[in-house]
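Readers should treat all values here as calculations from the given coordinates under stated rules, not as data from a laboratory. Remember, it's a predicted structure, so these values are computed and weren't measured experimentally. Counting neighbours? That spans all protein chains shown, and the Cβs are built from the backbone with ideal geometry, glycine included.
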Amino acid sequence: MPHISSKKLDSKLSEKIFDKLLVVLGQAQNKNLLSLVVNELFTHTEKIMFAKRIAVILMLDNNIPQHRITELLKMSPSTIAKMSLKIEMGKCDAILKVSKRGKIDIEKLVWNILTAGGIMPPKVGKRYWLQSLKK
């Protein structure tokens, strides 16, 4: 878990810093530049944490059972349940809106998680093996 200093920043300064973060991320408009910025800003652990959070939101939105998400992403059931509650409360609407605009293919996302990006065979399931043979 990332460490945050116990010394609190002035709220106006904190807001300005956050605004700068949004400007930097917003200016990186193509995927390659955004990837470079994200790699410079975040640690490997932080990137995995953010990616898993987005994956959970997308999977829950596509009615994938919570226990299956727990298995696939190696996350605790309580974390998945908390994310589900956030979605129900409308706290992830912006993420869902952006993902729909970008037409993120949830089937492809799940397949990549199951097969480590196509490197490994899927864990189980005739459906997944048949799907991999078609590719």
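Sort 57-69, 89-101, 9-21 by the packing proxy (mean of other Cβ within 10 Å over each peptide's residues), most packed first. Working shown, then result.
Values: 57-69: 16.1, 89-101: 12.2, 9-21: 9.9.
Packing order, densest peptide first, comes out as 57-69, 89-101, 9-21.
Applying the Karplus parametrisation 6.51 cos²θ - 1.76 cosθ + 1.60 with θ = phi - 60° to the phi angles of the stretch 71-77, what ³J(HN,Hα) value in whole Hz is obtained for each residue in order, glycine and proline being reported as x?
Rounded to whole hertz, the list is 5, 5, 9, 6, 10, 6, x.
In what order do E71, E40 fall by count of nearby beta-carbon atoms within 10 Å, going from fewest to most? Intermediate results must be reported in sequence, preceding the final value.
Details: E71 13, E40 8.
Ordered from fewest to most neighbouring Cβ atoms within 10 Å, E71, E40 come out as E40, E71.
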